[in-house]
Amino acid sequence: MKLRSCFLTHTTDGENYMIPTAEAAFKGIVKSNDTAAFIVECLKTDTNEDEITDKLLSEFSGADRDTVKRGVSGIIEKLKSIGAIDE
């Protein structure tokens, strides 16, 4: 799966945003926390939930794998619901 090219990311003043281009059906701006922004960055290349979970676990110590995997799944489901992911 991969982030669709019609969604751009931007960080300004420590705030993370995902903005659709005119080609996207979704019309709005997505503001993300640092974890969600990390997941979106991972999705800029073809990947899967397990790879993203592994990257998060290596980046942030002390997290439980099952908890991280549930978080990754939840964010991916939300991104799918706005048409931001190609599978």
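The values are calculated or read from the model by the stated rules, or taken from the named source; none is laboratory data. The shown structure was predicted, so the numbers you read here are calculated from the model rather than taken from an experiment. FYI the Cβ positions are ideal-geometry reconstructions off the backbone, even for glycines, and counts take in every protein chain you see. The area values use the complete protein model at the heavy-atom level, side chains included, leaving out ligands, DNA and RNA. Shrake-Rupley method; radii C 1.70, N 1.55, O 1.52, S 1.80 Å.
Observations, loosely collected:
- Residues satisfying the stated conditions in the stretch 1-47, i.e. among the aliphatic types (A, V, I, L, M) and surrounded by 11 or more Cβ atoms within 10 Å (Cβ to Cβ): Met1, Leu3, Leu8, Met18, Ile19, Ala24, Val30, Ala36, Ala37, Ile39, Val40, Leu43
- Residue tally, condition open to solvent by 40 Å² or more (accessible area, probe 1.4 Å) and either aromatic (Phe, Trp, Tyr) or on the phi > 0 side of the Ramachandran plot (or both), over the stretch 48-87: 2
- Complete set of residues in the stretch 1-15 that are of a type outside the set (Phe, Trp, Tyr) and either touching a residue at least 24 places away in the same chain (Cβ under 8 Å) or in contact with a Pro (Cβ under 9 Å, 6 or more places away or on another chain) (or both): Met1, Lys2, Leu3, Arg4, Cys6, Leu8, Thr9, Thr11
- Residue pairs whose Cβ atoms lie under 7 Å apart, separated by 6 or more positions or on different chains, with the first residue in the stretch 19-42 and at pLDDT 95 or above and the second of a type in the set (Lys, Arg), are Pro20/Lys27; Cys42/Lys55.
- Pair list, Cβ < 9 Å and 6+ apart or interchain, from the stretch 58-82 residues that are part of a loop (DSSP other than H, G, I, E, B) to residues that are open to solvent by 40 Å² or more (accessible area, probe 1.4 Å): Phe60/Thr35; Phe60/Phe38; Ala63/Leu57; Ile82/Ala25; Ile82/Phe26
- Scanning the stretch 60-87 for residues that are of a type in the set (Asp, Glu) and touching a Lys or Arg at 6+ places or on another chain (Cβ under 7 Å) returns a single hit, Asp86.
- Among the residues of the stretch 1-50, those identified as assigned to a strand (DSSP E or B) and among the hydrophobic types (A, V, I, L, M, F, W, C) are Leu3, Phe7, Leu8, Met18, Ile19, Val30.
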